[in-house]
Every structure is written in structure tokens, then in C-alpha cells.
Amino acid sequence: MKIAITGGTGFVGQELIRQLTARGDKVVILSRKEKNATDSITYVKWLSDDAVPEKQLENIDAFINLAGASINDGRWSDEQKKLIYSSRMDATTELLRIIHKLENKPKVLVNASAVGIYPPSQTVTYTEASADLGSDFLAQTVRDWEILAQRAEKDGLRVACGRFGIILGKNAGALPLMALPYKMFAGGTVGSGKQWLSWIHIKDVARALIFALDNDQLSGAFNVTAPHPKQMKEFGKEIAHALGRPHWIPVPSIAMKAILGDKSQLVLEGQKVLPTVLEQHGFQFKFPNLRSALADIYK
């Protein structure tokens, strides 16, 4: 297959490209900067005044849209919130314009989203069939993003929106920050410890996106989370076990709010989310359990 990716230089994009090229796919990365091509990767300039990417994107089989400012960078100031929102909307709007102009349109668009679309709860278990959606900043952002991406259906594309959980990797994502106190022998339960963390190994994220590409029957929202979410108190204990460190110094909610501001909701609130659609379509997780996931990351 020939697959075009936006946001290909990010955490998820890099692992996705590694897996795609390993199986023999050709990858086209849409980037603000032109770079030299390799045997399996080509770069196409976009989101700049002099870019005309549609001329180079004919005969693409699929698009994967990961473009957008990271929610993990810095505090959520009003300016950062605007960037998080607008970067997703602007890039996706441009992608839809490109798709509409192509004579030979791709078959599928796989678009990123997040489990933050569901309201925080310590008691509710969410699946893709859950009608209750959140109303906070993150929920509204990904909700609008999914709605926008679905417009590609008007051009005949199958659209699948992968709602990412907390993605675990050694050097990027949320895990390095969560593991830091443990590495300093000062780790412990954050907040109440009852909040749910719907996590997934970075390798399984890429595998799930590729699965969505390949499976013609998969469309709409699908949760990209491991089948066994953990509450924060248990999650912390598993990090301690993986690193051989104690789990003993609690971190109160007020401290996290002082440090992170609105962004503290990412660690103080959570959702118990299950990957029902992926499992119904036969997806097999390489790391279904947190202990095996952390063991692989810290091996």
C-alpha cells in the first residue's frame, strides 16, 4: 500500500512508519519542510503558502491523520488550548481540501482522536457504543475533530477515528513524566488513586491503526486502549515494580493542580475505556496487560 501520513514525525507517527515500512508499505509524510526521500519514505510539503501537495498525492491508498499540537507540552494556557484546537482543525480542513481535489481518491482516512471524549468517571465503563460524551476542553476538541474528519465520507472514503488512551513508551508520551518520581525513589499514588487510566503500549497503537487501515469493515470510532485498564493506585505500583522502586509517597491533587493547572485533569481524572470494536473485529493485542507492557518498555 501507499499511505500518506500527517503528523508523521511525532511519537505515534514514528512507530507507525517503522511498522509500515517493515511490512513493505510505501509511506508519504506530509511535512512543513521538504526532506530527502528514502527507498520507502517520501516527503511532501504542505501547510505553507508555496505548497501544492495534491499534485504529489495522486494514487495514495490511504491517509492517516495524526496532525496536531501535543497535549503533553506545557501548561494549558488559553494560548496553548487555542493551539491544540486550531492545529487539529486547520490541518484536517486542509487534508479534506486535498482529498476533494484528487482525481484518484484514497479508500480510507484513519483519524486520531482520544478517550478524553468520554466524561471522567470512577464507576462507568465506556465503549464505542456509549452515548455519554464529555463537555470539557479536551472532549470538545476531539469531538469536533471527529465530526470534521467524517466529512471525508462525502468523497467516498471510509473514515475510522481512533480514540487513543494513554500511550506508553520509554522516551515520549506520558510515561517518562509519570515514572520520574519513581526513578528518584519518591513515587506514590497521585490524587485519590481511584481514577482510571486507559493505557496502551505504543507498539499496539501503531498495530491498531494499521489494522484499521486493512479492515474494510471497520469505520466510525474505535477505542485504541488495552483491554485491561488500571486505576491510578495500581498503575503506580506497576511502574514501581517495573523499575524496582518503592511506591510510598502520595502526591495530593492540590499539588498536581498547582503544577499543571487545567492539564492536571489528564492525571487526576480518567475514564475506564474498553476496545470493544477492535476486539469484535479480531484484533489481537501484543501487550494486553500492563505488567507485560512495562516489562517490554523497560527491558
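Laboratory data are not the source of any read-out in this text; all were calculated from the coordinates shown. The structure displayed is predicted, hence computed values, not measured ones. Please note: Cβ atoms are built from the backbone with ideal geometry, for glycine as well, and neighbour counts cover all protein chains shown.
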Averaging 1/r across every pair of distinct alpha carbons in the stretch 17-85 and inverting yields a Kirkwood hydrodynamic radius, in angstrom, of 14.3 Å
Of the stretch 83-114, those with amide N under 14 Å from the point 7 Å along the Cα→Cβ vector of residue 135 are none
Amide H contacts under 5 Å for residue 199, restricted to residues at least 5 apart in sequence or on another chain and with H modeled in the peptide plane, are 166, 226, 230
Least to most buried among 38, 189, by other C-beta atoms within 10 Å and fewest first, runs 38, 189
What the 5 Å binned alpha carbon P(r) of the stretch 1-124 shows, as percent of pairs per bin from 0, is 2, 10, 19, 22, 19, 13, 8, 5, 2, 1, 0
In whole Hz, the Karplus estimates of ³J(HN,Hα) for the stretch 202-214 (6.51, -1.76, 1.60; θ = phi - 60°; x where Gly or Pro) are 4, 5, 6, 4, 4, 4, 5, 5, 5, 4, 5, 4, 7
Measuring from the longest principal axis of the C-alpha atoms of the chain, the long axis of helix 137-149 (C-alpha) lies at a number of degrees, nearest 10, equal to 20 degrees
Karplus ³J(HN,Hα) for the stretch 284-298 (6.51 cos²θ - 1.76 cosθ + 1.60, θ = phi - 60°; Hz, whole; x = Gly/Pro) runs 10, 6, 6, 10, x, 10, 4, 4, 5, 5, 5, 4, 5, 5, 9
Restricting to lysines and to Cα separations under 18 Å from residue 230, and discarding same-chain partners fewer than 8 apart, the set is 194, 272, 286
Exposure proxy check on 137, 222, 285: fewest-to-most Cβ neighbours within 10 Å is 137, 285, 222
PRE zone check, label point 7 Å out along Cα-to-Cβ of residue 73, amide N under 16 Å, scope the stretch 20-38, hits 31-33
Quick P(r) readout (the stretch 202-261; Cα-Cα; 5 Å bins; whole %) gives 4, 13, 14, 15, 14, 13, 12, 8, 6, 1
Connecting every pair of Cα atoms under 10 Å apart in the chain and solving the GNM, the largest mean-square fluctuation among 132, 214, 61 falls on 132
The set of residues whose placed amide H lies less than 5 Å from the amide H of residue 251, leaving out same-chain residues fewer than 5 positions away, is 189, 190, 191
Karplus ³J(HN,Hα) for the stretch 252-264 (6.51 cos²θ - 1.76 cosθ + 1.60, θ = phi - 60°; Hz, whole; x = Gly/Pro) runs x, 4, 4, 5, 5, 5, 5, 7, 10, x, 4, 5, 4
Residue separation between residue 217 and residue 122 times 0.36 nm, minus their alpha-carbon distance, gives in nm 31.0 nm
Of the stretch 173-202, those with amide N under 14 Å from the point 7 Å along the Cα→Cβ vector of residue 299 are 202
Listed by chain and number, the residues whose amide H is under 5 Å from that of residue 270, excluding neighbours fewer than 5 places away on the same chain and using placed H, are 121, 196
The stretch 178-299 -> Rg/Rh from Cα coords, Kirkwood Rh, value 1.03
